[in-house]
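A short worksheet on the structure shown next.
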């Protein structure tokens, strides 16, 4: 069965650079969630989208922005990267009417040097 | 953690033994879920229990939920070395998005 696809899987950036993470949800899933997991930490909710509209917002820094496109894929844009942004970034998807269960992608590991 | 604490933080057992992990949370919830994460990899959904349920089983997994105590437990019976992973509980508050609030996780090591 198709799973959530995230790209790239690994990313190395320097401080103050920008990064774009992409998420391709499971086919027919219209809801996308982004989570950030720092080293040794639990995942923290960043933001979610339903039908291209932001549905909820968590602890996402102002330096980050995200959007969902008409094909339901989503992109997380990160600017002015800081060392503390080094983390594993997960995308999850679900159908809105079955959003009790989220299906997670493999994550993008971002390292900021 | 924003919502929950898990204990123990780390657990080491022998293959074949049972492993019990506990999770406590702070606010009213719609459901509670358990996820598994192998070292630095993706989160795998294990089981979901709704706020009006008290116990649920799935294979070797048994989950209980006590909403009066705001706590849940995950029992893995007859553990295997392949069960070695971190286990997180996550709560959904029932707001419109059903975003998940994760607990701090238990690192389980099953020794062969």
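What to note about this one:
- Qualifying residue in region A:55-65 (condition: closer than 21 Å to residue B:99 by Cα, within 14 Å of another protein chain (Cβ to nearest Cβ), surrounded by fewer than 20 Cβ atoms within 10 Å (Cβ to Cβ) and in contact (Cβ under 8 Å) with a residue 60 or more places away in the chain): no
- Qualifying residue in region A:9-19 (condition: surrounded by fewer than 14 Cβ atoms within 10 Å (Cβ to Cβ) and assigned to a strand (DSSP E or B)): yes
- Tally of residues being part of a strand (DSSP E or B) and over 11 Å from the mean Cα position of the chain (by Cα) across region B:45-71: 6
- Per-region count, region B:1-60, residues free of Cβ contacts under 8 Å to residues at least 12 places away in the same chain and either in contact with a strand residue (DSSP E or B) (Cβ under 6 Å, 6 or more places away or on another chain) or within 21 Å of residue A:38 (Cα to Cα) (or both): 6
- Residue A:81 vs. criteria closer than 14 Å to residue A:23 by Cβ and crowded, with 16+ Cβ neighbours inside 10 Å: no
- Taking region A:36-54 as the range and being touching a strand residue (DSSP E or B) at 6+ places or on another chain (Cβ under 6 Å), free of Cβ contacts under 8 Å to residues at least 60 places away in the same chain and assigned to a strand (DSSP E or B) as the test, the residues that pass are A:36, A:44, A:45, A:46, A:47, A:48, A:49, A:50.
- Residue within region A:92-101 that is more than 14 Å from chain B (Cβ to nearest Cβ), closer than 28 Å to residue B:48 by Cβ and more than 12 Å from the chain's Cα centre (by Cα) present: no
Bear in mind that the values in this text are calculations on the coordinates, not laboratory data. All values reported here derive from a predicted model rather than from experimental measurement. So basically every Cβ, Gly included, is an ideal-geometry build from the backbone, and we count neighbours across all protein chains shown.
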